[in-house]
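What follows is a short report on a single structure.
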Number of protein chains: 2
Amino acid sequence: MFSGAQVSLYPMSDDFVDIILGAIESLDPWRDRLRLETDPLSTLMVGPPDILLPAMRDLFCAASRSGVHTTMHATVSRGCPGEPDDPICTPVASGRRDMPLADRVAEGRSAVAAAPSMNQTVAAQLSLYPLGVDHHMDEIYGCIAFLKASGVFDRSKSFCTALRGDAGPVFETLSQAFTGFGAEAGHLAMDVTVSANSPSDR
Amino acid sequence: MFSGAQVSLYPMSDDFVDIILGAIESLDPWRDRLRLETDPLSTLMVGPPDILLPAMRDLFCAASRSGVHTTMHATVSRGCPGEPDDPICTPVASGRRDMPLADRVAEGRSAVAAAPSMNQTVAAQLSLYPLGVDHHMDEIYGCIAFLKASGVFDRSKSFCTALRGDAGPVFETLSQAFTGFGAEAGHLAMDVTVSANSPSDR
């Protein structure tokens, strides 16, 4: 299995370089479980599917603590047949995608309810792409049912679902969406945008 | 058919609000062919699949002309079974996705060769997701063959392909990737990031 993300951080400030470089230090506690490679467009994170979003949460919260309007985009993927298997990607927890959709929704909700608070309000939107399966809309609709029941659902939009709330439960919801839907060993991609300190919120 | 995009513009500057509002005026010539709805996270563009990327090119070039390091992210989609048919989405040109992959690669290359120059160097990366098909990797590999032959190919990355060159041929390459691959009436999504004026390039 191969899993990881291409992650980009966008602080809307003249000081964007310092804010990005400062925030990247927040990934230090994760470095033994992630392989990181940065280029001018994004940082590649390779590691277990269930720690990708928690690591991004710490990265994003470190940047948004500057008070600057900051956005993060991530292209998250697991099970891509074009990538080699990598032992660093072994999931920390056992999978549960052979469970019925309703049970996966319930388990996802419990995980979100137990998420720690980060004391940072964020807005987010995500699109989930279960690839190589005939019933891809079933998994998408199952995931949308989970998002609506997550406690951080904001609204449905064309092509994506918007979330809003504390960064703790919002990133846990993103993590549950990524790990709980699509085929167990299948190819799944997720497109995520997270925003904080927007002047639109003031 | 329903097609469109959720588009976000990120100028890394204290003046981000003015740069975004100024750039949005560049969409005026497209407004009779697109429906636009802006919220705090992104602008929804609904319209024919073959004008979405040209309109984004004008939006992005207007913002990057400020000289500020600017990035744009778009979630682009067509044929989503969860969205209603909409007459505004009727393609301008006739489809060609029943042609063999090699012919589609050749047609895409011709279109890129004919693209106008915008006098703005950009870097970009894209991921293509053909949904609800068993042979999704064939279409992805066909698209990658096109990208490698496009004249603006930069390099392959995990989960995406990076492009680099003038905004004219780069956005035409993105447009050809979006309209030329995946099933004719099928569900296809594309995740695109474009960047200009990065300090990493200096």
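Considering only residues of the range B:73-83 that are of a type in the set (Gly, Ala, Ser) and in contact with a strand residue (DSSP E or B) (Cβ under 7 Å, 6 or more places away or on another chain), which is farthest from residue B:125 (Cα to Cα)?
Among those residues, the one meeting the criterion is B:79.
Might you let me know whether the range A:55-72 holds any residue that is more than 16 Å from residue A:124 (Cβ to Cβ), touching a residue at least 12 places away in the same chain (Cβ under 8 Å), hydroxyl-bearing (Ser, Thr, Tyr) and out of contact with any Leu (no Cβ under 8 Å at 6 or more places or on another chain)?
Yes; the residues of the range A:55-72 include at least one that is more than 16 Å from residue A:124 (Cβ to Cβ), touching a residue at least 12 places away in the same chain (Cβ under 8 Å), hydroxyl-bearing (Ser, Thr, Tyr) and out of contact with any Leu (no Cβ under 8 Å at 6 or more places or on another chain).
Can you go through B:201, B:98, B:103 and tell me which one is at pLDDT below 95, facing chain A (nearest Cβ under 8 Å) and either surrounded by fewer than 23 Cβ atoms within 10 Å (Cβ to Cβ) or over 13 Å from residue B:53 (Cβ atoms) (or both)?
On inspection, the qualifying residue turns out to be B:201.
Here is a list: B:156, B:117. Which entry is under 18 Å from residue B:195 (Cα atoms) and assigned to a strand (DSSP E or B)? Can you show your working first?
Numbers: B:117 fails: assigned to a strand (DSSP E or B).
B:156 is the lone residue from the list that is under 18 Å from residue B:195 (Cα atoms) and assigned to a strand (DSSP E or B).
Within the set of pairs 6+ apart or on separate chains, which have a first residue in the range B:121-135 that is assigned to a loop (DSSP other than H, G, I, E, B), a second that is hydrophobic (A, V, I, L, M, F, W, C), and C-beta atoms under 8 Å apart?
B:132/A:133; B:132/A:137; B:132/B:183; B:133/B:183
Could you grab me the full set of residues in the range B:78-93 that are in a loop (DSSP other than H, G, I, E, B) and without any contact (Cβ under 8 Å) to a residue 24 or more places away in the chain?
Of everything in the range B:78-93, just one residue is in a loop (DSSP other than H, G, I, E, B) and without any contact (Cβ under 8 Å) to a residue 24 or more places away in the chain, namely B:82.
Being away from chain A (no Cβ under 14 Å) and either under 20 Å from residue A:162 (Cα atoms) or surrounded by fewer than 22 Cβ atoms within 10 Å (Cβ to Cβ) (or both) is true for just one of B:75, B:90, B:38, B:121. Which residue is that? Outline the logic, then answer.
On the way: B:75 fails: away from chain A (no Cβ under 14 Å); B:38 fails: away from chain A (no Cβ under 14 Å); B:121 fails: away from chain A (no Cβ under 14 Å).
Residue meeting the stated conditions: B:90.
Answer yes or no: is there a residue in the range A:138-147 that is within 11 Å of chain B (Cβ to nearest Cβ), in contact with a Pro (Cβ under 8 Å, 6 or more places away or on another chain), in a helix (DSSP H, G or I) and crowded, with 17+ Cβ neighbours inside 10 Å.
yes
Considering only residues that are buried (at least 16 other Cβ atoms within 10 Å of the Cβ) and either at the interface with chain B (Cβ under 7 Å from one of its Cβ atoms) or touching a residue at least 40 places away in the same chain (Cβ under 8 Å) (or both), which ones fall in the range A:15-28?
If the condition is that a residue be buried (at least 16 other Cβ atoms within 10 Å of the Cβ) and either at the interface with chain B (Cβ under 7 Å from one of its Cβ atoms) or touching a residue at least 40 places away in the same chain (Cβ under 8 Å) (or both), then A:16, A:19, A:20, A:23 are the ones that fit.
Determine, yes or no, whether residue A:170 is under 29 Å from residue B:89 (Cα atoms), surrounded by 23 or more Cβ atoms within 10 Å (Cβ to Cβ) and modelled with pLDDT of 95 or more.
When the stated conditions are applied, residue A:170 does not pass them.
Within the range A:141-167, can you find the residues that are in contact (Cβ under 8 Å) with a residue 24 or more places away in the chain, of a type outside the set (Gly, Ala, Ser) and within 23 Å of residue A:94 (Cα to Cα)?
A:143, A:146, A:147
If you check residue A:181 against the conditions, is it within 14 Å of chain B (Cβ to nearest Cβ), buried (at least 24 other Cβ atoms within 10 Å of the Cβ) and in contact with a Cys (Cβ under 9 Å, 6 or more places away or on another chain)?
Details: within 14 Å of chain B (Cβ to nearest Cβ): yes; buried (at least 24 other Cβ atoms within 10 Å of the Cβ): yes; in contact with a Cys (Cβ under 9 Å, 6 or more places away or on another chain): yes.
Spelling it out, residue A:181 is indeed within 14 Å of chain B (Cβ to nearest Cβ), buried (at least 24 other Cβ atoms within 10 Å of the Cβ) and in contact with a Cys (Cβ under 9 Å, 6 or more places away or on another chain).
Considering B:191, B:154, which residue is buried (at least 19 other Cβ atoms within 10 Å of the Cβ), at pLDDT 95 or above and acidic (Asp, Glu)?
Residue meeting the stated conditions: B:191.
For the list (1) farther than 19 Å from residue A:86 by Cα; (2) under 12 Å from the mean Cα position of the chain (by Cα); (3) within 14 Å of chain B (Cβ to nearest Cβ); (4) not hydroxyl-bearing (Ser, Thr, Tyr), I need the number of the one condition that residue A:4 fails.
It fails just one condition, (1).
The values are calculated or read from the model by the stated rules, or taken from the named source; none is laboratory data. Quick caveat, the model's predicted, so the values are computed rather than measured. Ideal geometry is used to build each Cβ from the backbone, glycine not excepted, and the neighbour counts take in all protein chains shown.
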